[in-house]
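Trainee: Take a look at the following structure, please.
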Amino acid sequence: MASVIKKINEYNAGTSAPLLELKMSALKESPFRFFRGTCHLFAADFVKLYDYKPKVKAWICGDLHFENFGSYKGENRQVYFDLNDFDEAILAGPEPEVARFLTSIIVAAGQMKAGAIGLHKTLHDIMNAYVTTILEGKALMMEADVAHGEFKKYFERLGTFDRESFIAKRTYKHKGALLLKADNIHFMPLDDSRKAKVYEGLSPLLDTGRFQHFVFEDAAFRIAGTGSLGLERYCVLCYSKKKGKRYLIDVKEARRSCYSSLIKVKQPRFKNEAERVNAAGYLMQFNSPAFSSTVNIDGKWYIVKELQFLDDRMNVADFEDDFNLFSSVAVEMAVLMAYAHLRSSGHMHSSTADDLQRFAEKKQWQKDIIEVSATLAKKNHKYYREFTKIE
């Protein structure tokens with residue numbers, strides 16, 4: 001059997017040396033960071049362990065762990081908290097989605113040294129919240145005005161940020177021009193020829209929607225994420241001549257879902273992988289992020305959206321060892337997961353909400369998914385030890 005190191009190297013083949021070094025370092029940071037960055041290992045193990053044969057079809061984001069929920073501004077400039085990463089999105093059953101989320105909770109609980117009884121209760125509370133919401137049959141949203149507990153504090157913290165100060169922290173002035181800081185933490189420099197390619201790829205957007213009257217001021221290679229480290233990703237500083245405001249635009253390479261060769265469900269036909277990612281997000285989120293688009297740069301397709309504050313998601317580390325507080329947030333995230341599955345039901349070959357409800361209320365799959373999630377968490381721990389060579 002191929003070693004985990006070999007599998008990771010094969011999956012990341014073609015990644016530039018500097019980015020590969022960054023990714024490998026990130027994977028060693030903690031078991032949870034390793035879990036975030038190795039969805040391909042999870043997907044292969046889930047399909048093998050669960051003998052996966054979807055009874056119903058749902059749109060899933062594919063990589064739904066605790067840190068893949070976050071806030072963003074929509075086109076209406078309202079702030080939303082929702083699922084926010086659809087790189088691995090695919091039409092499948094809901095089981096891998098629920099298992100991915102539950103496994104992330106188990107991995108995080110291990111880092112927090114949570115007790116077995118508390119973890120057992122949390123997993124069943126999450127499953128119950130998901131199933132109950134599906135059976136209620138109505139997809140709502142997380143609203144700042146009615147948020148409570150940790151989410152209320154989260155939205156209040158977001159209210160202290162603004163776009164101008166965020167951009168100011170990521171830029172500097174040089175000879176009268178505003179440029180992105182290539183600090184090798186958030187951004188790496190781009191040569192002029194590559195910048196020109198990025199601008200050329202984005203130029204067709206200048207005649208559409210919110211991109212009208214935009215001027216490109218600078219571009220840099222963006223360093224972000226864990227699983228997406230290694231993809232070509234850019235940040236473009238734009239100025240709106242109409243509004244007199246600046247925006248940061250995230251431009252991220254789209255690749256095939258790691259589930260694409262594993263899930264035996266006929267998929268809708270998309271023009272390219274970027275269209276698949278944006279289409280899944282459009283169906284599953286209450287509202288899409290501002291500037292959502294797709295572009296082709298030098299023969300590759302990219303996902304475009306507004307770059308958000310770096311403090312736009314809840315991190316496992318934020319909770320330190322407070323597993324009770326962490327659990328309460330995770331249960332509310334399970335509700336958002338159910339909203340996303342309901343919202344996208346009946347679209348692009350997915351099953352109807354009625355079919356999803358009939359499946360969700362069955363007890364056996366609930367029990368099986370909790371059990372397989374525990375096994376997958378143990379595998380993640382084993383892989384992490386092998387990867388970091390911990391004795």
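Trainee: List the relative contact order of the chain as a percent without decimals, with contacts defined as Cα pairs under 8 Å and 6+ residues apart. All intermediate terms of the calculation are to be shown ahead of the outcome.
Mentor: Details: 629 pairs, mean separation 108.9, N = 391.
RCO, the chain: 28 percent.
Trainee: So what's the angle, to the nearest 10 degrees on a 0 to 90 scale, between helix 323-343 and the longest Cα principal axis of the chain?
Mentor: The helix 323-343 is inclined about 80 degrees to the chain.
Trainee: Report the number of Lys pairs in segment 9-166 whose alpha-carbons are under 21 Å apart, with separation of 8 or more residues or on distinct chains. Mind dumping the intermediate values first?
Mentor: On the way: LYS28/LYS113; LYS48/LYS57; LYS57/LYS138; LYS73/LYS152; LYS73/LYS153; LYS113/LYS121.
Lysine pairs meeting the criterion: 6.
Trainee: Mind listing which trypsin sites (Lys or Arg not before Pro) in segment 36-79 are in a DSSP loop and have 10 or fewer other Cβ atoms within 10 Å? Could you put the intermediate results ahead of the total?
Mentor: Numbers: sites: ARG36, LYS48, LYS55, LYS57, LYS73, ARG77; in loops: LYS55, LYS57, ARG77.
Listed in order of number, the matching sites are ARG77.
Trainee: With a ≥ b ≥ c the root eigenvalues of the C-alpha gyration tensor of segment 128-277, is it rounded (a/c under 1.5), prolate (a/b larger than b/c) or oblate? Working shown, then result.
Mentor: Numbers: a/c = 1.96, a/b = 1.32, b/c = 1.48.
Here segment 128-277 falls in the oblate category.
Trainee: Working from Cα positions, state the angle (0 to 90°, nearest 10) between the long axis of helix 363-388 and the longest principal axis of the chain.
Mentor: Roughly 60 degrees, rounded to the nearest 10.
Trainee: Counting other Cβ atoms within 10 Å, which GluC sites (Glu not before Pro) in segment 117-199 have at most 10 and lie in a DSSP loop?
Mentor: Answer by residue number: there is no such site.
Trainee: In addition: If one takes the longest principal axis of the Cα atoms in the chain, at what angle in degrees, from 0 to 90 and to the nearest 10, does the Cα axis of helix 273-284 lie?
Mentor: The angle comes out near 60 degrees.
Trainee: Where in segment 227-264 are there trypsin sites (Lys or Arg not before Pro) that are in a DSSP coil and have at most 16 other Cβ atoms within 10 angstrom of their Cβ?
Mentor: Working: sites: ARG233, LYS241, LYS242, LYS243, LYS245, ARG246, LYS252, ARG255, ARG256, LYS264; in loops: LYS241, LYS242, LYS243, ARG255, ARG256, LYS264.
Listed in order of number, the matching sites are LYS241, LYS242, LYS243, ARG256, LYS264.
Trainee: Moving to a separate point now. How long are the semi-axes of the ellipsoid equivalent to the chain, from square roots of 5 times the Cα gyration tensor eigenvalues, in whole Å, largest first? Numbers along the way, then the final one.
Mentor: Details: eigenvalues 223, 112, 94 Å².
Taking √(5λ) for each eigenvalue gives 33, 24, 22 Å, largest first.
No value in this document is a laboratory result; all are computed from the given coordinates. Bear in mind that the values here come from a model prediction, so they are computed numbers and not experimental data. As a convention, Cβ positions derive from the backbone with ideal geometry for all residues, glycine included, and neighbour counts pool all protein chains shown.
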